[in-house]
Each structure stands twice: as C-alpha cells, then as structure tokens.
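Every number here is computed from the coordinates shown, using simple stated rules; none is lab data. In this text, all values refer to a predicted model and were calculated from it rather than measured experimentally. As a convention, Cβ positions derive from the backbone with ideal geometry for all residues, glycine included, and neighbour counts pool all protein chains shown.
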Protein chains: 4
Amino acid sequence: MESIKDRFIRIRKYSEALVKPIITEDFSVQPVAFVSPPKWHLAHITWFWEQFVLLVYKNGYKVYNDDFSYLFNSYYNNIGKRVFRPNRGLMTRPSVAEVFAYRAYVDEQMNELLSQPVSHEALQIIEIGINHEEQHQELLAYDIKFILGHQPTFPVYADRFTLKPITAPQKFIPVSEGIYEIGSDGKSFCFDNELGKHKVYINEFEIAANPVSNGEYLEFINAGGYSNFNYWHDDGWHWVNNNKITAPLYWHLIEGKWHEYDLHGLQELNLNEPVKHISFYEAFAFAEWKGMRLPTEFEWEVASAHFQWGQLWEWTNSAYLPYPGFNKAPGALGEYNGKFMVNTMVMRGASVVTPLNHSRNTYRNFFHPDMRWMYGGIRLVK
Amino acid sequence: MESIKDRFIRIRKYSEALVKPIITEDFSVQPVAFVSPPKWHLAHITWFWEQFVLLVYKNGYKVYNDDFSYLFNSYYNNIGKRVFRPNRGLMTRPSVAEVFAYRAYVDEQMNELLSQPVSHEALQIIEIGINHEEQHQELLAYDIKFILGHQPTFPVYADRFTLKPITAPQKFIPVSEGIYEIGSDGKSFCFDNELGKHKVYINEFEIAANPVSNGEYLEFINAGGYSNFNYWHDDGWHWVNNNKITAPLYWHLIEGKWHEYDLHGLQELNLNEPVKHISFYEAFAFAEWKGMRLPTEFEWEVASAHFQWGQLWEWTNSAYLPYPGFNKAPGALGEYNGKFMVNTMVMRGASVVTPLNHSRNTYRNFFHPDMRWMYGGIRLVK
Amino acid sequence: MESIKDRFIRIRKYSEALVKPIITEDFSVQPVAFVSPPKWHLAHITWFWEQFVLLVYKNGYKVYNDDFSYLFNSYYNNIGKRVFRPNRGLMTRPSVAEVFAYRAYVDEQMNELLSQPVSHEALQIIEIGINHEEQHQELLAYDIKFILGHQPTFPVYADRFTLKPITAPQKFIPVSEGIYEIGSDGKSFCFDNELGKHKVYINEFEIAANPVSNGEYLEFINAGGYSNFNYWHDDGWHWVNNNKITAPLYWHLIEGKWHEYDLHGLQELNLNEPVKHISFYEAFAFAEWKGMRLPTEFEWEVASAHFQWGQLWEWTNSAYLPYPGFNKAPGALGEYNGKFMVNTMVMRGASVVTPLNHSRNTYRNFFHPDMRWMYGGIRLVK
Amino acid sequence: MESIKDRFIRIRKYSEALVKPIITEDFSVQPVAFVSPPKWHLAHITWFWEQFVLLVYKNGYKVYNDDFSYLFNSYYNNIGKRVFRPNRGLMTRPSVAEVFAYRAYVDEQMNELLSQPVSHEALQIIEIGINHEEQHQELLAYDIKFILGHQPTFPVYADRFTLKPITAPQKFIPVSEGIYEIGSDGKSFCFDNELGKHKVYINEFEIAANPVSNGEYLEFINAGGYSNFNYWHDDGWHWVNNNKITAPLYWHLIEGKWHEYDLHGLQELNLNEPVKHISFYEAFAFAEWKGMRLPTEFEWEVASAHFQWGQLWEWTNSAYLPYPGFNKAPGALGEYNGKFMVNTMVMRGASVVTPLNHSRNTYRNFFHPDMRWMYGGIRLVK
C-alpha cells in the first residue's frame, strides 16, 4: 500500500501538474467572485498544511511568511483576518514563482515530518488535508476552465478531461419501496457531512441509467424551454431573466451552429455527450419539461449501485441539510461544511475532473442553485 | 353547519374588518418589495374570485373593469401581464373607495352564484378561494404591521393580536424512533404541498414544550450572538453584516431599554413573551449558541400533538421540497406552491394573526431564510 | 400694491389649489427618489415658515408638532436629523388631513405676525419663504405629473398647463461680440446664486427665436439619434443604454402612433408643440445631430430680450458654478444653492408651471444632466 | 532638432521603460473599472499606431493580429466592437510576451515608414499618436501605482517620481481685473480642446504661490473636515459617506501615525510635501474650510506665469466645457475629447509622472470629481 508520505507527494505533484498548461498571466485573475485565481488555490492549499499540520505537529516549525496566513486563508473566520473573497484577483503579489517556492518549502517540511512516525491525531488531519487539496484540485479545473473560457480567443488547455459519449439507449432502473441506510459508517475516510449512517424510508421509483445528453437538452432549448415560466422555479425564472440565460455555460451559437468551449478548445457541440455546466434551476426546468423529476440524494445513493456514474456531478432535488446527529468539529475545521447548509442543493457522484480515489457514493457535494461552472449534469427519475 | 355562502360572506367581511383601523394613506404604500399595499391585497383577493370562479362558473358574468386583471394579478404568469411586484406601491389609482366598490360588486355576484346550487368542481375552487383569501388576511396583518411599524411615529393599530406570555417552565418532550406517517390524507381541505401522506423514518429526539422567549433571546444578544460567526450559516453571516442586524425586527433600543413595536403600539420588551419576527438565520444561530437545534418539519408534525402551538409560526430546519408524488395542478393554480420549492425553509404551526380554522398540523408554510416580517418564532430540539 | 400679508395668503392658497385635482392616495407615494410625495411638499414648505420665520420672529410661538421638524426637513443638514430622501414615500402618517391642519395653524400664526409691522430682516426671510414656496409649487407640478403619468390608467389632472404650439417659422437672432453684464444687481428679489453682477466677454453668435418642436425631435428619433453614439456625451451614451431610453419622458408609442401623457391626459403627439421632458444629454445629442449647439447661460441671458421664453426651462451648455464673489449665507439658508454647484447644468427661462411673477432672465435653475421630469426644452445656437 | 523618427523611438522606449519594475503578474489585473491593466495600455497605444497611421499611410501594411483591434480599442466606438471596459482585467491572453512582440512588429513597421518622407497629414496624426502615447504613459503610472498600492504587501516600484517638499512660506500673488486671452493659438501642438484662443473677462484675485501641503491637509482632517457637511457639495457629501472616505487615497493610519504609500514604498507622511491623490470634492471642501476657493481654469492659466507648477495637476473650479468655436474632428479621432465635456472638472498643470515636454499652461486635463488615483493637488485663491 502507498505510504502516507508517498501519497502526500503524489497529491502535491498533481496540483502542480494541473497548472502546467497555463501561463503566468492566467494565475492571478478572478473574473467573478466565485472563481479564485489559480495562484490563490496553490497557495491556500499549502497554507492549510502549514496552519493545521506543520504548526501543530512539527516541532520548531518556522512559518514561511507571516503575511501568507492573511492572504491565503479562505473562509476560516476563526483564523484571523482574511482577504475578502472578491478581492483575491487583485493580488498580483506574491508572484507565481514565490508561491511555488512556498510550496517547495512546505513540501520539504512535510517530507521531514512524514519521514518520522506520526500520531493518529496528526494522521487524521493529514487525511483531511489530502482530501482538502483534492477538492481544490477539482475547483482548480473549474476555475481554469472559466478563466480560459472567457478569453475572447478561447485558448486550449489540454486534450484531457473529455467526456465519453452516451452510446447505450436510455432505460429506467426500478428501485423498490422500503427502509434504506444512508450515509457513511465512517470506516474509511469521509467528510463530517456524510457521517451518521441512518435509516430513510423511500418510496418506489425508477431512475435513468444514462444522464441527459446535449441532444436532449437542445430539444428543450428548441422547444422554448428558456422562455416558458411554467417549467421554472420562481427564483429560477428571475435568474434566467436577470442574466439572460439561453443555454448552458460555455455554449456559443456561432453562425447558426451550437459550439461548446471545453478544455480541449472550442468545438461543435457533440449531441451524444452528457449535457454539462447547467445550474440546478436548469436541471429542474428540464425535468419539468420532460414530465419527470430529479432524484433526491437518498434515491441517488440507494440506486447508485445500478448505474454508471462519475463523469459529471448530478443535481439532486435535495437541499443540503445535516444528517441526524450531525456535529460540527470544534475550531476552524468545524467551519468546513455545516455553515453552508442553507440555500444550497446537493450534487452526488463525481466528475471527470475529480481526482482519482476522491469519489464514493456517499459523497455530498453542494452548490447554490445558480452555479454552473462545475462539471454538473442531469439524471432523471420518474 | 355554516353554508358555503355564509362562510364566503364571513371571510369577505373579515378582510374588510382587518383594514378598519388604518387610514386611506396607509393603503397604497409599499415600503419594500416583499410588502404589498393593503389596497392591493383587497383587490387581488377579489380578482381571484372574479378570475377563477365568476368568469368560469357564472353565466354571463361581466368583468368589473378590464384593467384590474392586469393590475391585481400577483404571480400567476399564466394570466397575462401583471404589474411588476416592486411597483405595486406606485399605484395610487384605483382609489381605496373604488377597490371597495369592486369588492361590493364581486361579493354581490358571488352571492347570486352561491344562492344557486353549485357544482362539486366549483365548490373545490371556492374552497381554494376561501383559503387563498385567508392566506392574504395573514399577509395583510404582516404588511400593515410593517407599514405602521416603519412610521417614525409608531401609530397603534388596535389592541388585538397580542401573544400570551410563557408561564410554564421549559421542559423537553421525548419522541421515539420509528416510521411515521407525514402529510395530509386529503379528506379535509389542504394545499397541494401537503398531499401525499407518506412514511418517514425518524430518529429519537426531544422537543421543547415552550417556544423561546424574548428573555432567552436577549441573553443571546447580550452574549454577543450577532457578532460571533461561529453560530451562523455563511449566508446568514453575510446577511447580518450586510444589513447590520443586531436584534429582531421591531426591536428598538431606546435610552438603554429594549422596546418592541407591536400592533398595540411601542412597548417595553416583555421578557416572557415568545420571541418573534426573527429570520431563519437568527433562529438557527440562536439554536447553535444554545447547543441545540431546530426540528425538522417531520419531527415537528409528529410531535405537535404533545405541545401547544399556534401563537407563532415555527422555523424548522427543513427546506421546502415536494413530498413524494407531488403534482402541480394544471394551469394558473398550479403556480401556487411548487415554484417556490427552492431556497425557502418550512415553517410549521400558525400565528395569532392566522385566521380562525386556517390551521392544521400538516400545514407547510415557507419563506426565504432572511424574511422576518411574518409572525415567526423558535422551538428547540435536543 | 399687494401687501406682504395678502401676498403670503395668495401664495399659500395657490399651493393648496394645485393639489385640488388629486386624491388622498396620490399624496403619499414616492415613485422614485427624486420625486417627493405631494403631502411632503405641503408640509415641508409649511415647516419652512415655522422654522425660519415663526420660531425666530413671533414671540411665544408654539411649535405645532415637534416631530414635524424631523419629518419635513428637506436637505438642511444644519437643522438636526431628517428623513432620508428615498424614504419619504413610506410616510403614510401624518395624514393629509393633519398636514392641512398644520398648514392652517401656521397660516393663522403667520397672519397674526403679518398683521403687525415686521422688521426688515424678517421681511427678507419672508421674501425667501415666498420664493421657496413658489419653487416647491413648480416641483409639486412635476411630481404630481410623474405620479399620475406612471399610473397604468393615465388619469387626467386638469385642463391646465398646456403649451402653446409654435406658429412662427424658425429664425436665428444674431448677437454681436463684446463685454456684457451678467447676473442680478440685487435691487429686486433674487437668489444668492444670481448675485454678483459681473462682466463676461462673449463672442458673436446666433440664437433660435423658437424652441425645438416635437416634430423636429421626432426627426432626430427617426434618424436613429438614440442609437448613434457620435451625437452623445460618453456619460449620456451610458445613460441611454443603461436606461434603454428611446424617446422623451411621457412619450408612448401606441399601435404605431406616438402619444404624450400630459396633465390633461394621454394625447396623440402634437408635432407643433415645443418638445419637453428631455434630459441635458438628449438636448445636447439633438443639437449635435442638427450640427448646432446649446447656448451658454451667458449667451441666453444676453439674448433673452430678443425672443419669447417662459413655456419651458431651456437647457444651456453651462455647468452650474458660482459667479465671481459668490458667498453662501451663514447657517441653514446657506445650504440653499452652493452645495449643488457640481455635476449639474444650468437651465434658463421658466415654464408653464412656474408660478406667476417667479421668473426673470437672471434666474439660474439647475439639474443633473439625466433629469427629465421638469418642464425643460431646447433652444439652439449656431 | 530631434527627427520625428528619433522622437517616435524615444517615446516608444519610454513606455517600455515604465513597466520595467513590475512583474508579469502585475500586467493583467484591473482592480477597479477606471484602472486599466498595464498590458492593455502597452497594446492599446500600439494598436493606435496600427489603426490610425500604418493602415492609412503605409502601403501594404499587414495587420499583426486581427483580434487585437477588438481587444485593444479603448473608447473609439467608431472602430467596431470593443472589450467592455470593466472586463479588461479578465484578459490573460495575449500574454505580456506577445504584447511586446506586437510592439516590436509595429515599431519596425513605423521605423520603415518614418525612414521615408511622410506627408504633412501623416505627420499631424503621428504628432497626435505621440501625444496619445504620452498620455497613456501618465495613466500607466497612475494605474501601476494603484495596482501596487492595493497589494497587502505594498511593494516598491522604484525610487522615482518623488515630489519636492515645499520650502518657501506661502504667499498670494495678485492678478488684476481685465480681459485676457485664453487657449492655444495652435502654432505648436495642442489638443482640440485647447483651440479657439478667445477673450475672457476676469475679476481681480489672488492666487497661492505654493500648493497645499500634507501638513495643512492634516489640519483639515483633524478639525473634523470629513464629518462636517457644511464644507461639502451635496454630491461630495454622499461620496464621502457612501465610500467612508476619511483621508486622501494611499494614506494609512498605522499605529496612530499617518503613512503614505508612494511609488518608492510605504513611508511616514511627509508634512512638507504637497498633498496629492485627492478628489475634486476634497479639494473643494478643503478650500471651504480654509475660507478660500479654487481658481477657475482661466484664472489659473492667466496666473500660471507667476508661480511654479508641474509637480501635481491642480483642481480648478471650472467644469470641462468647450471653448467658443470648439469643433470635433471628424471620425474616430473626434471622439477624443468632446464627449467627456459633462460631469467632469478641469485640472491644470502637469505632474511628476507627466512625460517630459508634454506640459503647457493651456493644457486642459479633466476628471470626474470623485477620481483620486491621478497625481492631483490643491492651489488656493482668495
């Protein structure tokens, strides 16, 4: 089995591999408040190691730069001041080179720490740190795509992270009524929001074996789906109109033909690929138009053994709420999940940009219902 | 038993009784987007009868004024254009007198209709109409309070709608684990969102017999509850800071003493009354501070037989989502509930301004988590 | 000659005559921040008499209601707190009736005061008070028009305040180069901003005898004037696009025909009337399109003896700035004019809603360049 | 005398010298809408040469990259689409390196063009191009300072552009009443807004020999200048309160001591240096507090022979308006000045970051009254 040290090194290298294809100029911008500059991600996940592992578990650890705690804290209000989120894109300093130097320093220190036996408590935080860095790797992919996808010249990132087209015809898998157990038993790593394995009573339902394709979504568009309020939530309808939404993010109608910007460049729309980069509002409206609905997160978890998943996060019609017995961790790490349990909807599954081994069927991802820059799609229930 | 005609007349009269204490000037203003002018309510509920009952079921019915359909539609997008909500407060015309004339005309026509036997289908719509008017009666009370409560002179409405102080000491009622049936069986009137009686698995819990009092809430304030982000949702923390919230709505600190504006005027804060006019964010933060939590709507419904309720709507930690098998009604009435099932939280119970007989323990009220102008309070679970 | 007492009574009565045609509901709304509720005007101008005359010059004067000083102060920061301007429309109390009672009380007290000889100093303040009330009478007309003109039903105010059509053909009046004297010598009443009669050197120019007509303005619209940035200031172009401006305020294209809402109702556009309710931005763009320009306020003053004016205020291309030697009065009255001398443009002349005897050719009116609800038009220079 | 070619090369090199001290990451950000990324400036001034000189006067000129015309147009609406100003900071591509390559290409082409005799007409455009590039050099300095000055770490740019302290005691220079000639006769280069030498009648006044110092401005702050509305324009007072302004831009109160960020780093405030980075609103309020006033632009021009100027642009109390006979150039170059002649105030003089030889006493600079990031100060008149 991979040692914790080897695993740490592998994860850290992967973060840097992810930014190889971009240029220095791409590292510091923040086109919208919810997108963070890639430089910020690289530094923030490094700061996390420094703050929660090295400062606590490594004797005599010397902080790399006192300012960085202020600059690269994200939302941990418990750890002093932080740079207000929409202002991250103003930070041209420290330079990309200096952030890499910071990473190297912290990696070396971690290396030293991990060359010795570490306590169980430390191992638990390191496990969280690894999962935290993997989460930011996924966000890095979203944010890089957003930054490149908003250049007037649509630069190519790399020929990676492509989705497999849907080849099998759609079919619906029946699941029978009854009591099911939901959540993680905590034997392998999971976040606090998955804990509290508990019973849920579920009525019978049928769930689609395939996600919705670009072709099917295009039918919704062509049927006037974006201009018929009957399919939309009230908040969704305001969102569509205030933002003049007419298609998924990254779709462009060029001389009468739909194109999609993807990390491998601007291409003609592939009708057989799963539709992606849609908001919860759009997923819901599509389902309404189709006369079906989205699964709850419980239905999804129960049925997940019966279909393929992992190309795209899948919107559920479940609000992100605590499981019975949910308890926040004390201190800064307790801010991780619980405080987002309002106004957000659960996504289940994983996506092509999810790091390897960072997925499981109890994983509860969550976003505000208007977010689209993540790799998210639709699976229907009837 | 009260005939449908007598019931109709009684409900219609009550709407007018509610506005007796206010003056013509109070009828047309809209201080904020979510508050509607009282005149608008009176006309809108009248338009509902015209649109959904008289035009459909009364032969040769002549519309009172063609413009009114446009002016007094609320959110029924299916029925043509409507006045954009934040602009309702600009409508000085028609006058209050003309709105009363409109009411008289429609009442007379309804009277005629109800003096004959009516079809079962019509009766169902009339039942909805009555419940719709009762809902607006409750909103009328909220809106009148908001309008008067924002006058620099704090005028008295009437010596009505006062809350009973809490006299019994707090105790917690245990409920045992198991499968429970939730929702209405539809045998007596309910809204579509209550239908679909279904099984829910609930873990054991204990629920407070009394709501939280002003005195307890004041402790939270004095303990710095509004300035410690650890108690708050992330969205709630932004809400507190962006709006500089430091106390429930209608609380005023005057020369060092807390006062509360109520419909019977500005008074010194009664520490024994249940705390009211708080947002979901505040209810949640209070519970966090207390080391407890809010009930889910299912827990509330199951436990409701064991405590007194009905003075204040009670925040639950359940997002407002469809029950299994939820189906929107076709047409305009289908817009009634389903389209609000995102970004809103469920309140259960009833309040002192809820019309008589308009409450039941399956009733699902819902509001965005930042709303405070309704009569809402807190019941804790541990 | 009219005594000061008679003049006072006449002016006060005229304010009340102006609001005769409107209904109670019209008195309290504030559709946009720059429009004040008619009730507020009636009370504010009354408060002015109380604050600056009665309290100072009438022995033992008893204030009608202490709250009113707070409620009806406008922008006199020196006199304590005031209701923040955009919130005036929330004030349903005091009622219209009470405001009229307040007026009656103050009028009676003024009557008493003016039945005795008054000091020269008091007379000067009374003169300002009369002119102040007359200014608000003009604003009352603007605001009433705005309130009625934004009712979906376009109610008629009265068959008054109509503009005379232009009958004479356009001609241009030459004015020769030289030194001219500008401003008031202060022998008859004027505001502080007109004082400081001073020499200005003016180059020769020719000014139009007639204002621009609706017909001419329509040509500008039909020539695409609103969509060609070349005619517009940069700020004006943003204003046009942000507000989707395509015609003067109160113009409505109904079934292919241009109509104009006026105080006598919605009518088909009269091509021969002077164009009105346009912003400075529009006046400037029109002149650019025409290959001409707007006069400076100095040119206007010098030329005013040679043409008819008084139906509409006329935009000049002069920013509102102090005359040489301009001095603010000490105290609250000093806030009257000087503090608006930035970002505003001068209008000269008078309008059909200007009270009789409230006009002179040295009068400097001023507005932000995007304002349109006043009676303003265009006179060209070449 | 310097040949046009040598001058062109010198100016172009200076633009690149200006950005030597900054790093790649600094080139692409846009912290606020009115600040442009340095990369954008470098490309835009290059595009100007391509668009207005090479494409017109160089036979067979081949555009470097078709996209650049779209990307680097600034406000010339006449030349096709342009990147909406607040989005310039999203453009990470083209890279800084590519922009330098673009510059090199255009420089080479210009070199070729200028190695031949050029027409008088071309020379005139080249003169404009040089002055245009010089203007952007000044803006580059402002924008670089803004970007660096908003880094939490306050990086040093270089030990340049420092202001000389004021050593001489203040004295006031009298100017006598009479007719003066204002504006440029056009014999040497000037912008269109300076043309139209014309007579102006000026009253006698006295103007300060020295600008206002940091020390004097600090007295204003300590006297409560920012919290007394009597000194402020109405718009200025709103600006102060909405933006919570309490000191000039780049001033920081650190542990009780005032510091100022300057291009040579964060330093303790030098009380003898002229105060800089203040808005028109602040300049005006300071003068009011002092019981004096700002000069008009005419007074400034007439008096400028009698005092030292050129360290800071100086606010005048003149709105930026056309001189008699002002004519916009036809086509895109006509957009240069005229369209900003509303809502802006004139500044006269020059600053330490103004390129050599780019100053003259007829120069009319202009900014909206809330702008502070330029090098601007105060000279008083009494």
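Averaging Cα coordinates gives a centre for the range C:339-382 and one for the range B:236-310; these two points are 52 Å apart.
With r defined as the distance between the Cβ atoms of D:LYS164 and D:LYS244 and R0 fixed at 45 Å, what FRET efficiency is calculated, to the nearest 0.05? Taking R0 as 45 Å, the efficiency between D:LYS164 and D:LYS244 is 0.90. Report summary: the helix-based calculation at 222 nm, which adds -39500 (n - 2.57) for every DSSP H run with n ≥ 4 and divides by the residues of chain C, gives -10000 deg cm²/dmol. Peptides D:89-99, C:216-226 ranked from most to least packed give D:89-99, C:216-226, packing being the mean of other C-beta atoms within 10 angstrom over each peptide's residues.
Based on the Stokes-Einstein relation at 37 °C and a viscosity of 0.692 mPa s, and on the Kirkwood radius from alpha carbon pairs, chain A is assigned a translational diffusion coefficient of 148 µm²/s.
Spatial offset of the range D:1-64 relative to the range B:1-60 amounts to 68 Å, using the alpha carbon center of each. When B:HIS306, D:HIS132, B:HIS198, B:HIS41 are sorted by how many other C-beta atoms sit within 10 angstrom of their C-beta, beginning with the fewest, the order is B:HIS306, B:HIS198, D:HIS132, B:HIS41. Here A:LYS290 is the anchor, and the aspartates and glutamates within straight C-alpha reach of less than 18 Å, apart from those fewer than 8 places off in the same chain, are A:GLU206, A:GLU216, A:GLU219, A:GLU282, A:GLU314, B:GLU335. For chain C, a Gaussian network of Cα nodes joined below 10 Å ranks C:PRO165, C:PRO369, C:PRO211 by mean-square fluctuation, and the top entry is C:PRO165. Excluding B:ASN242 itself, what net charge comes from residues whose Cβ is under 12 Å from its Cβ, given Lys and Arg +1 and Asp and Glu -1? That sum, taken over residues with Cβ under 12 Å, equals -1.
With its label point defined 7 Å out from Cα along the Cα-to-Cβ axis, C:ALA223 lies at 5.1, 5.3, 7.3 nm from the matching points of the other copies, in increasing order.
Under the rule a/c < 1.5 gives rounded, and otherwise a/b versus b/c splits prolate from oblate, where does the range B:4-149 land using the Cα gyration tensor? It is prolate, given that a/c is not under 1.5 and a/b is the larger ratio. Per residue of C:194-204, other chain Cβ atoms within 10 Å of the residue Cβ number 3 on average. Residues C:LEU163, C:LEU294 in ascending order of nearby Cβ atoms (within 10 Å, fewest first): C:LEU163, C:LEU294. Under Stokes-Einstein, with the Kirkwood radius over Cα pairs as Rh, the value for the range C:172-377 at 4 °C and 1.567 mPa s is 71 µm²/s. Among D:ASP262, D:ASP107, D:ASP66, the largest mean-square fluctuation in a Gaussian network model of chain D (Cα springs under 10 Å) belongs to D:ASP66. With Cα atoms as the point set, the protein assembly as shown shows a radius of gyration and Dmax of 35.9, 109 Å.
Put simply, when B:181-193, A:249-261 are sorted by average Cβ atoms within 10 angstrom per residue, most first, you get B:181-193, A:249-261. Within the straight-line cut-off of under 15 Å between alpha carbons, the aspartates and glutamates reachable from B:LYS187 are B:GLU127, sequence neighbours fewer than 8 places apart in one chain being disregarded. Counting only other chain Cβ atoms within 10 Å of each residue's Cβ, the peptide D:277-285 averages 1. Of the cross-linked pairs D:LYS171/D:LYS276; B:LYS197/B:LYS328; B:LYS164/B:LYS382; B:LYS5/B:LYS58, those separated by over 18 Å at the C-alpha level are D:LYS171/D:LYS276; B:LYS164/B:LYS382. Nearest 5 percent is fine: what portion of the DSSP beta bridges confined to the protein assembly as shown is antiparallel? That works out to approximately 90 percent antiparallel. Remark: mean inter-chain Cβ contacts per residue of D:91-102 equal 4, using a 10 Å Cβ-Cβ cutoff to other protein chain atoms. Counted residue by residue at 0.36 nm each, then reduced by the alpha carbon distance between them, the extension gain from B:LYS257 to B:VAL156 reaches 34.4 nm. Under a Gaussian network description of chain A, with springs only between Cα atoms under 10 Å, the residue in A:GLU194, A:GLU133, A:GLU177 that fluctuates furthest is A:GLU177.
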